[in-house]
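The values are calculated or read from the model by the stated rules, or taken from the named source; none is laboratory data. Note that the structure is a prediction, hence the values are computed from the model and not measured. In this analysis, Cβ positions are derived from the backbone assuming ideal geometry, glycine residues included, and neighbour counts consider all displayed protein chains. The area values use the complete protein model at the heavy-atom level, side chains included, leaving out ligands, DNA and RNA. Shrake-Rupley method; radii C 1.70, N 1.55, O 1.52, S 1.80 Å.
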Amino acid sequence: MDYVDIKIYIKSINGNTILDHKDFISEYKQKIRAVVDECKILGLSKEETKRRKKLVPKVGRIPCEEELLATSLNVCKIIYEQKKGEAFNVSDWNHTDIIVKVDLSRCSLETYKKIYNGFTLMINNREVKYVLLNVTNGGAKTGKAYFIQKSIRDNFLGSSYQNMGANLTEEDLIDMVALESYRALSSSHIESLIYIHPHEILILDDYDYSTITKGYKVYAKEDRALDVKLEELVVESSLFDGEGLIQYDMDGVSDKDGFLLLRQQYTKCCAFKCDIKQYYKDSLRDKYETAFVEDAFGNHVRASEVKLIMCKSSVKWVKFMDKLVTKDSDTLRLWHDSIINANGAFGVVKDAYESKLGDVAHSNYQFTQSLDPATIDKVIEPSAMFLEELKTNDSKFLEVINAKASDFNNYELWHKICKNNSELRHAEFVERRMQSIYSDIRKEISHGNLIHHGRYMTICGNPIALLNWSLGKAPVDEFNHEDEYIQCYCKGMPFGYLGGARSQHNSRNNLVSLHNVKCNDIERYMHTGDNVVIVNQRSVFQARTNGSDEDGDTLFVTYDEGFVHNCHKAMIEDYVVVNSVENTKIRVPYSNEYLAEIDHKIREKNKQIGSSSNIAQKCQTLYWITGAPKYYKYCIILAVVAQIAIDSAKKSFECDIALTTKQIR
């Protein structure tokens, strides 16, 4: 028997972007934790604690209309769980503009199809029909989808692709995975809005780079199982995939250095803060006020007015131009019209951020697994020093638990108790809790999430080359090629040699050795701050980091000697891995039934990703223990298995990954 979880939301339909919700359930859990902690401090009995917990209301206060207009999206009821086939009933609710979040993580394909074709809720004894709104990339992996009342769908979807002239029917064969994920971009959680007029935006062609290097080619054998061989390979990368540049001091942009992760209709761009005006002034000199630059569509944009530069890889509607174009207008103009209708609004998903633990960060246990056990003493040294400091430096310990505070623990409360009351700090019950928190931190480290001097940094690729490319010049910059390192510029790290790694991580072939060099042009024009790493993408960087791009992906970067040594050795000895399995894009008729099949497949394939990663970690352990080459080979193959599992919903691969995994097991 399948079960379907329903969450009820409300939406004020006076804007073009859905803002994220305040989860009353999370608020309820926080209040419960606060009551329990208060009872412990007061030394109250279990019975009294239980009584006080019952007094906490289980559902947050339903907001009034004025608050709805201010917050746009709020959870208004707790999760309802009903058996398949029964009517869903939501009572005592008067608002009509409702969005429903459905959890299908435990459902069969049959239930997927049934729900995706719409369902009916009983609201105040009135039947209300709900139809599919969108499915995000993350939602498809976990079985989540959003639905909206049919009666208001057309009004609400005024900001969707249908406003750009799309008229899709079941006769159209399209890439449904891409369409749904791009369509959901404008419903991303956003922190704020900025306003950019279309004539201030410059869209450029992407620039691809390829090089020939020795690497591991993963291919399909006659039995469709995967195998690997070492040979000379062509490795390709895109210099500006999902990357953009935004005028750092324009209206609405915060004064913090860094980037803005932007969303608009069919648009996803990580815009790094840059002094575009100064670069154009330096390059165009006395022609600055009158010069025009040409975009990817042959249009001319006045150079002095450009505030945002991005490439075609950021504007996803390019992939569906044949479906979006109408008789009387082109797609670019339709996109411009949708921006103008939104008053030039772009949603800012993420802005500049600070590292939680300052100059140190936890690495991933998968990274640790890739490090040579012979170097482990050097690798764990920073972790040992960190734990020792927590034991001996009380202010540092309080600083760390405050940084680690979240909705899933009560560290913030204990930090306030110790910070605001020095007498309570050394009380017996507080000491016991501090010891418990210290043990939790030590356990996290012992599980492989080691401490290193470094941080997770957002990846930016060759921004000066992008500025040159915008003027029709060759996309070149100050970075040079090095055989054993990839050059980068990282303001938040010392100049010299660094080590880097990125999840999803399967083997030493995913480690990167970086050389942090001084770049005068970057220092003059870029305002990216301490938490961005600018990488030379004219290299094997993208291939070694499992196909990373520049639309907000992050890289763990450290200057610790043990980690750096391992990365350097891996760059020399552990060649790049290339997926050479033949594939074709999957195109299906535009219908909810086919979308249900695809999303169900994505959910199931997501389990294979975790499975292949777990097997890869075991193989890596066996390789370090035995030194047997077969385990090294398995790690390489499993890295490609994970990639294929990720892409299998939108591409058909000429291989059998289930057979491959079975043979390795």
*Of all residues in region 552-584, count the ones that are more than 21 Å from Lys491 (Cβ to Cβ), assigned to a loop (DSSP other than H, G, I, E, B) and of a type outside the set (A, V, I, L, M).*
4
*Might you check whether a residue that is of a type outside the set (S, T, N, Q), closer than 30 Å to Asp255 by Cβ, free of Cβ contacts under 8 Å to residues at least 40 places away in the same chain and open to solvent by 30 Å² or more (accessible area, probe 1.4 Å) occurs anywhere in region 376-398?*
yes
_Six or more apart or on different chains, Cβ atoms under 8 Å: show the pairs whose first residue is in region 326-337 and within 18 Å of Arg263 (Cβ to Cβ) and at pLDDT 55 or above and whose second is in a helix (DSSP H, G or I) and aromatic (Phe, Trp, Tyr)._
Trp335/Trp317
*Considering region 639-665 alone, what residues qualify as being assigned to a helix (DSSP H, G or I), hydrophobic (A, V, I, L, M, F, W, C) and within 28 Å of the chain's Cα centre (by Cα)?*
Ala639, Val640, Val641, Ala642, Ile644, Ala645, Ile646, Ile657, Ala658
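Rundown of residues vs (1) modelled with pLDDT under 85; (2) charged (D, E, K, R), yes/no style:
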{"residue": "Thr111", "(1), (2)": "no, no"}
{"residue": "Val131", "(1), (2)": "no, no"}
{"residue": "Gly143", "(1), (2)": "no, no"}
{"residue": "Arg153", "(1), (2)": "yes, yes"}
{"residue": "Ser160", "(1), (2)": "yes, no"}
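Considering each of Asn566, Asn510 in turn, give the residue that is modelled with pLDDT under 95 and either within 30 Å of Tyr112 (Cβ to Cβ) or not aliphatic (A, V, I, L, M) (or both). Working first, answer last.
Values: Asn566 fails: modelled with pLDDT under 95.
None of the other options fit; the residue is Asn510.
Of the residues Leu450, Leu471, which is touching a strand residue (DSSP E or B) at 6+ places or on another chain (Cβ under 8 Å), open to solvent by less than 70 Å² (accessible area, probe 1.4 Å) and under 30 Å from Gly244 (Cα atoms)?
Testing whether each residue is touching a strand residue (DSSP E or B) at 6+ places or on another chain (Cβ under 8 Å), open to solvent by less than 70 Å² (accessible area, probe 1.4 Å) and under 30 Å from Gly244 (Cα atoms) leaves just Leu471.
Ser503: farther than 27 Å from Asp249 by Cα, open to solvent by 10 Å² or more (accessible area, probe 1.4 Å) and either touching a residue at least 40 places away in the same chain (Cβ under 8 Å) or part of a strand (DSSP E or B) (or both), yes or no?
Values: farther than 27 Å from Asp249 by Cα: yes; open to solvent by 10 Å² or more (accessible area, probe 1.4 Å): yes; either touching a residue at least 40 places away in the same chain (Cβ under 8 Å) or part of a strand (DSSP E or B) (or both): yes.
Criteria met by Ser503.
Filter region 405-430 for residues that are of a type in the set (S, T, N, Q) and under 21 Å from Lys356 (Cβ atoms); which is nearest to the chain's Cα centre (by Cα)?
Ser406
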*Please list, ordered by first then second residue, the pairs with beta carbon atoms under 7 Å, 6 or more apart or interchain, first in region 49-61 and among the hydrophobic types (A, V, I, L, M, F, W, C) and surrounded by 13 or more Cβ atoms within 10 Å (Cβ to Cβ), second at pLDDT below 85 and outside any loop (DSSP other than H, G, I, E, B).*
Val56/Tyr28; Val56/Lys31; Val56/Ile32; Val56/Val35; Val59/Phe24
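Here is a yes/no grid of residues against (1) modelled with pLDDT of 95 or more; (2) under 20 Å from the mean Cα position of the chain (by Cα); (3) open to solvent by 60 Å² or more (accessible area, probe 1.4 Å):
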{"position": "His189", "(1), (2), (3)": "no, yes, yes"}
{"position": "Leu204", "(1), (2), (3)": "yes, no, no"}
{"position": "Tyr216", "(1), (2), (3)": "yes, no, no"}
{"position": "Leu226", "(1), (2), (3)": "no, no, no"}
{"position": "Val234", "(1), (2), (3)": "no, no, yes"}
{"position": "Ser238", "(1), (2), (3)": "no, yes, no"}
{"position": "Gly244", "(1), (2), (3)": "yes, yes, no"}
{"position": "Asp249", "(1), (2), (3)": "no, no, yes"}
{"position": "Asp255", "(1), (2), (3)": "no, no, yes"}
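Report, by residue number, each residue of region 542-573 that is open to solvent by less than 10 Å² (accessible area, probe 1.4 Å) and over 20 Å from Cys269 (Cα atoms).
Arg544, Phe556, Val557, Thr558, Gly562, Phe563, Asn566, Cys567, Ala570
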*Quick one: Pro463 ticks every box in (1) under 23 Å from His527 (Cα atoms); (2) at pLDDT below 95; (3) within 24 Å of the chain's Cα centre (by Cα) except a single one, so which number is it?*
(2)
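Using the structure shown, decide if Asp205 is touching a residue at least 60 places away in the same chain (Cβ under 8 Å) and of a type in the set (Asp, Glu). Steps first, please.
Numbers: touching a residue at least 60 places away in the same chain (Cβ under 8 Å): yes; of a type in the set (Asp, Glu): yes.
Criteria met by Asp205.
Considering each of Ile636, Ile615, Ile602 in turn, give the residue that is under 11 Å from Ser507 (Cα atoms), open to solvent by less than 50 Å² (accessible area, probe 1.4 Å), in a helix (DSSP H, G or I) and among the β-branched types (Val, Ile, Thr).
On the way: Ile615 fails: under 11 Å from Ser507 (Cα atoms); Ile602 fails: under 11 Å from Ser507 (Cα atoms).
Only one candidate qualifies: Ile636.
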